[in-house]
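The values are calculated or read from the model by the stated rules, or taken from the named source; none is laboratory data. Treat the numbers as computed from the prediction; the structure is a model and nothing was measured. Because the Cβ atoms are built from the backbone with ideal geometry, glycine has one as well, and the counts that use them run over all protein chains shown. Each accessible area value is taken on the protein alone, full model and side chains, heavy atoms only, with ligands, DNA and RNA left out. Shrake-Rupley method; radii C 1.70, N 1.55, O 1.52, S 1.80 Å.
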Amino acid sequence: MQRLAVPFTLCSVWLMIVWASGKFWLDTVCAPCLGLFSFELAVKAHDVLSVTTGRINAVLLVGVPLFVYMLVLIPYRVLMSGEAWSDAIYRWSRPFFWLALIGFWVWLGEIVCSMLAVTLPDGFGAYVQGYRLNLSGTAPGLQQITLVGQFGAFLGLLLGVYLFLTRGLALRQ
C-alpha cells in the first residue's frame, strides 16, 4: 500500500493545483483557453460518494507533467547511448499506456455490467442504478462530448486508476 500512497498524493495535489489555476487564474486571463481540451467529471455512488469537478484543462493536467517528465528523463550524461535512450523512452511511455488503459477498463466494465444486468436479479439492477459516472469534455472543432456510465464504468474507473498509480507512476522495484 505504500507504493500507492506517494503517487496518489502527488496526483491529487496536482489535480487540485490544475483545477484552482483553471478556475482562478486561467479563466480570468484567457477564458477561451480553458475550453480547449477541457473536461468535467462527475461521480456518484448512491448517497455515499458524490464528486463533481469543475472544468479542468487536460493539457495542464496531463501534458505539462509528461513534458516535464520527458525533460527529466533525457540521458544528458550519455547522449550517444542507445541503451540509455531506450530506457528513457520506455520509462516515459509507461504512464501514457496506463493512462489510456483507464478508458479501456471503464469501457470494458460498462459493457460487461450491462450484459450481466439482464441475467442478474432485480435487486442488483436497482443497486446498479445508484452509480453514475459522467465525463463531459470539449475539444477544438467538436461540440461538447458527454459519456455516461453506471456501475461497471465506476468499477472500471477504480481499477484503471489503481493500475495507473501502481504500474504507470510508481517506481520500479
Scan segment 141-155 for residues that are of a type in the set (S, T, N, Q) and over 16 Å from the mean Cα position of the chain (by Cα) and jot them down. GLN143, GLN144, GLN150
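Assess whether LEU165 counts as being assigned to a helix (DSSP H, G or I), modelled with pLDDT of 90 or more and either of a type in the set (A, V, I, L, M, F, W, C) or open to solvent by 30 Å² or more (accessible area, probe 1.4 Å) (or both).
Numbers: assigned to a helix (DSSP H, G or I): yes; modelled with pLDDT of 90 or more: no; either of a type in the set (A, V, I, L, M, F, W, C) or open to solvent by 30 Å² or more (accessible area, probe 1.4 Å) (or both): yes.
Here the answer is no, as LEU165 does not meet what is asked.
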Segment 135-149 residues that are within 15 Å of ARG55 (Cα to Cα), paired with ones that are among the acidic types (Asp, Glu) (beta carbon under 8 Å, 6 or more apart): LEU135/GLU40; SER136/GLU40; GLY137/GLU40
Of all residues making up segment 81-100, the number that are over 23 Å from THR166 (Cβ atoms) and of a type outside the set (Gly, Ala, Ser): 2
Is it the case that segment 99-116 has a residue that's touching a strand residue (DSSP E or B) at 6+ places or on another chain (Cβ under 9 Å) and without any contact (Cβ under 8 Å) to a residue 24 or more places away in the chain? no
If you take the residues of segment 38-49 that are part of a strand (DSSP E or B) and among the aliphatic types (A, V, I, L, M), which of them is surrounded by the most Cβ atoms within 10 Å (Cβ to Cβ)? VAL43
Quick one: is ALA126 farther than 28 Å from PHE96 by Cα, out of contact with any Phe, Trp or Tyr (no Cβ under 7 Å at 6 or more places or on another chain) and of a type in the set (Gly, Ala, Ser)? yes
Considering only segment 154-162, I want to know if a residue exists there that is within 19 Å of ALA58 (Cβ to Cβ) and either in a strand (DSSP E or B) or open to solvent by 60 Å² or more (accessible area, probe 1.4 Å) (or both). no
